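To start, the structure under review is shown below, and the notes come after it.
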Amino acid sequence: MAGEGEVEHLKRQVQAEMDRLTPDLFAVSRFLHANPELAYEEHQAAELLADVLEQHGFAVTRGVANLPTAFTGVAGSGGPRIAFMAEYDALPGLGHACAHNLIGTASLGAAQAVRSVLDRPAGAVLLV
């Protein structure tokens, strides 16, 4: 179990990684917002998010639950396991009025940032 000082150090590392990722995450969010896709039709969004995960060392499984636009990305192994839910579908006629472009991107960034500290403590992070 990590002590309080180690936890604070890990938090700072995760925050620094989020700062480093911010420009790329803004680009992902803008792409999703400019290319709204309805539920079960979000092919571009799923491809982009899965590709980014793979570029950052996640093992990606596409077509989860027999849904072509569903995927999981996993980094690390064992436990504990932390999972982030990425929503990236849009609303008919409204686009990303529910901000799923932001939710999906925030979950992507959180998974990437947590992955950056998985060597201490051990565990796994997932994006679903």
**Asked** Residues with beta-carbon under 14 Å from that of Val125, excluding Val125: net charge, scoring Lys, Arg +1 and Asp, Glu -1?
**Response** +1
**Prompt:** With no solvent and one point per C-alpha, what does the Debye sum give as log10 I(q)/I(0) for the range 47-111 at q = 0.14, 0.18, 0.19, 0.25 Å⁻¹?
**Reply:** -0.44, -0.71, -0.78, -1.17
**Prompt:** Please state the equivalent ellipsoid semi-axes for the chain: what are the square roots of 5 times the Cα gyration tensor eigenvalues, largest first, in whole Å?
**Reply:** 28, 16, 11
**Gained length - Glu87 relative to Gln55, 0.36 nm times residue gap less alpha-carbon distance** = 9.5 nm
**Helix 43-55 axis, angle to the chain major axis (alpha carbon atoms, nearest 10°)** = 20 degrees
**Request:** Sum up the charges of everything whose Cβ sits under 13 Å from the Cβ of Glu47, counting Lys and Arg as +1 and Asp and Glu as -1, but leave Glu47 out.
**Result:** -4
**Request:** Express the accessible area of the chain per residue in Å², computed with a 1.4 Å probe while the remaining protein chains stay in the model.
**Result:** 56 Å²
**Prompt:** 222 nm [θ] for the chain, helices only, -39500 (n - 2.57) per DSSP H run of 4+, per residue, to 500?
**Reply:** -16000 deg cm²/dmol
**Request:** Could you please state how large a percent of the accessible area of the range 1-127 is carbon and sulfur, counting protein chains only and using a 1.4 Å probe?
**Result:** 59 percent
**Message:** Can you pull out the GluC sites (Glu not before Pro) in the range 1-74 whose DSSP state is coil and whose Cβ has at most 16 other Cβ atoms within 10 Å?
**Reply:** Glu41
**Item:** the chain, relative contact order in percent, only Cα pairs under 8 angstrom and at least six apart counted
**Value:** 30 percent
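The values are calculated or read from the model by the stated rules, or taken from the named source; none is laboratory data. Quick caveat: nothing in here was measured; it's all calculated off a predicted structure. Note that each Cβ is placed from the backbone with ideal geometry, even for glycine, and that neighbours are counted across all protein chains shown. Surface areas here come from the heavy atoms of the whole protein model, side chains and all, with no ligands, DNA or RNA. Shrake-Rupley method; radii C 1.70, N 1.55, O 1.52, S 1.80 Å.
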